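Worksheet: one structure, shown below.
The values are calculated or read from the model by the stated rules, or taken from the named source; none is laboratory data. Note that this is a predicted model, so its numbers are computed, not measured. Every residue, glycine among them, receives a Cβ derived from its backbone with ideal geometry; neighbour counts consider all protein chains shown.
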Amino acid sequence: MKTRVYSPTPTNLRRLAAALQRGELVAIPTETVYGLAAPALDAKACQAIFKAKGRPTRDPLIVHVLDLAHAEQLAEFNEAARKLARQFWPGPLTLVLPKKPCVPGIVTADRATVAIRAPAHPLARQILRLAGVPLAAPSANLFGYVSPTSAAHVLDGLGGEIPHVLDGGPCDVGVESTILDLTNPSRPKILRPGAITVGSLENAMGRKVVQVARGKGRAKKSAGLLAPGMLPQHYSPRTTLLIKRSWTTLPKDIGGIFLRKPPGRVTGNSYWLSERSALAEIARNLYQVLRQADQKKHRQIWIEALPDDVGGLAAAINDRLRRAAAKR
Ligand code: TXA
Ligand code: MG
C-alpha cells in the first residue's frame, strides 16, 4: 500500500475526513503524540488499526471526541468525570468510564469500560468536526516501539501499512495523555501518568488519587486485565537502553542522552533532551531523541535519570523512561 502524506490544507482536511467516514485509517497529529484514527463505531475499521500496528486485540483503544456532550453519547459519566472534562478538556486527559452499548467490543477489548478524551490539537479537532464521528486512535507506531511525535516517525513505522498521514508538524506535549480510571468515582485511579498531573487532578476532585503500581509484581501479572499501557516493557527503542545517574566518560560505542546540553565540545555520540533542562522541553524531545539515537546502531544507549521529586511532567517522563529501559 502506498502511504500518502498530506499538508493541512482545507481541501486535504475535507478529503481525510471523507476517508475516515469510508472507514480508511488516517494518522493524525494530537497535542500528545500522533494517533492512528478510524471511526470508533465502525468495528471493521477499528480492526484494521490492530492489524497495521501489530497490536494485540486485548489492548483497548482510546476514543477521541470533540467535547463532553459527544463523550456522553459513548460513556456513562459521573459528576467527578464531568467536572474533570469541563476543567481539562480539550487536553491530554483520558477518562476510563463505563461504556454505552454503541461502542463496539473491538475498541474496548470487550471490557465494560471505554477510554475517552477530547484532544486539544486544532487539526485533530478540525478532523473530528469534519468527520462528525468519534475516532478511535492509539498512538500511530508499531506496537511496543517508541510513540511518534512527527509525521516522519509515523512513516518510519507504518509507511506502506496505512493509506493516509496528516502532517501537522511536531507534537507539543510529546508524551501520551494521562489516563484516569473513574469507573468508581470514589476511588479514582491513575493508569498512566501524563501532562495532566496527579496533583492537579486531586485538586480538581478534592480527593486522593490512587496510583496503580507498575512495572513489577502485581502490575505485571495484572497487565493483561488492567491497562496494557502498563506493560512493564513498552515505548522501547531496539537498542538496549540503560538509565544512569551520570557518567564521566562516554565510551565510543555508546549513545549518551543528557537531560540538558552538555557544556563545551560534544562528541557525535552525545544527544540531549533540552537546552536548559525544562521539563516541557524534555518531554517534547524525548521520543524524537530516543528514535534518533536508536537509528545510529550504538551498542547501548545511556540516558540520564531525572529526579522523581521535581513534580509536574517528571512522573510521566520517568514512567516512559523506565518502560523504555525495561528488559525484554
Ligand atoms: O495521548 C494519547 O493518549 C495518545 C493520543 C493518540 O491520543 N493515544 C495513546 O493511545 O497513547 P495508546 O493506544 O498508545 O494507549 C492507550 C492506552 C492503552 O495502553 C490502553 O491500555 C489504555 O489506553 N486503555 C484503553 N482503553 C482502556 C480501558 N477501557 N481501560 C483501561 N485502559 C484502557
Ligand atoms: Mg501506544
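When the stretch 290-311 is filtered for residues that are assigned to a helix (DSSP H, G or I) and under 22 Å from residue 141 (Cα atoms), the ones remaining, listed by number, are 290, 291, 292, 293, 294, 295.
Just wondering, is there one or more residues in the stretch 90-103 that are out of contact with any strand residue (DSSP E or B) (no Cβ under 7 Å at 6 or more places or on another chain), in a loop (DSSP other than H, G, I, E, B), closer than 26 Å to residue 157 by Cα and within 13 Å of ligand 1 (Cβ to nearest atom)? Yes - at least one qualifying residue is present in the stretch 90-103. Is it the case that the stretch 121-134 has a residue that's closer than 28 Å to residue 289 by Cα and touching a Phe, Trp or Tyr at 6+ places or on another chain (Cβ under 8 Å)? There is no residue in the stretch 121-134 that is closer than 28 Å to residue 289 by Cα and touching a Phe, Trp or Tyr at 6+ places or on another chain (Cβ under 8 Å). Scanning the stretch 261-274 for residues that are at pLDDT 95 or above and either within 18 Å of residue 322 (Cβ to Cβ) or surrounded by fewer than 17 Cβ atoms within 10 Å (Cβ to Cβ) (or both) yields 270, 273.
Where strands (runs of 3 or more DSSP E) fall wholly inside the stretch 110-185, the ranges with 1 or more residues that are within 13 Å of ligand 2 (Cβ to nearest atom) and crowded, with 22+ Cβ neighbours inside 10 Å are 113-117, 178-181. Inspect the stretch 43-65 for any residue being assigned to a loop (DSSP other than H, G, I, E, B), away from ligand 1 (no atom under 13 Å from the Cβ) and of a type outside the set (A, V, I, L, M, F, W, C) and give the result as yes or no. Checked against the condition, which is being assigned to a loop (DSSP other than H, G, I, E, B), away from ligand 1 (no atom under 13 Å from the Cβ) and of a type outside the set (A, V, I, L, M, F, W, C), the stretch 43-65 yields no hits at all.
Would you check if residue 79 is buried (at least 17 other Cβ atoms within 10 Å of the Cβ) and in contact (Cβ under 8 Å) with a residue 40 or more places away in the chain? Spelling it out, it is not the case that residue 79 is buried (at least 17 other Cβ atoms within 10 Å of the Cβ) and in contact (Cβ under 8 Å) with a residue 40 or more places away in the chain. Considered as a group, the residues in the stretch 16-42 that are in contact with a Pro (Cβ under 8 Å, 6 or more places away or on another chain) and either at pLDDT below 95 or in a helix (DSSP H, G or I) (or both) include one that is farthest from residue 4 (Cα to Cα), and that residue is 21. Within the stretch 57-92, if we keep just the residues that are within 16 Å of ligand 2 (Cβ to nearest atom) and aliphatic (A, V, I, L, M), the residue that is nearest to residue 118 (Cα to Cα) turns out to be 63. When the stretch 197-251 is filtered for residues that are surrounded by 12 or more Cβ atoms within 10 Å (Cβ to Cβ), of a type in the set (D, E, K, R) and modelled with pLDDT under 60, the ones remaining, listed by number, are 214, 218, 220.
Do we have residue 266 as within 23 Å of the chain's Cα centre (by Cα) and either assigned to a helix (DSSP H, G or I) or over 20 Å from residue 174 (Cα atoms) (or both) here? No. Residues that are more than 16 Å from ligand 2 (Cβ to nearest atom), under 23 Å from the mean Cα position of the chain (by Cα) and either within 20 Å of residue 274 (Cα to Cα) or of a type outside the set (S, T, N, Q) (or both) within the stretch 232-260 comprise 238, 241, 242, 243, 257, 258, 259, listed in sequence order. Would you check if residue 71 is under 20 Å from residue 129 (Cβ atoms) and not acidic (Asp, Glu)? Taking the combined requirement at face value, the residue satisfies it.
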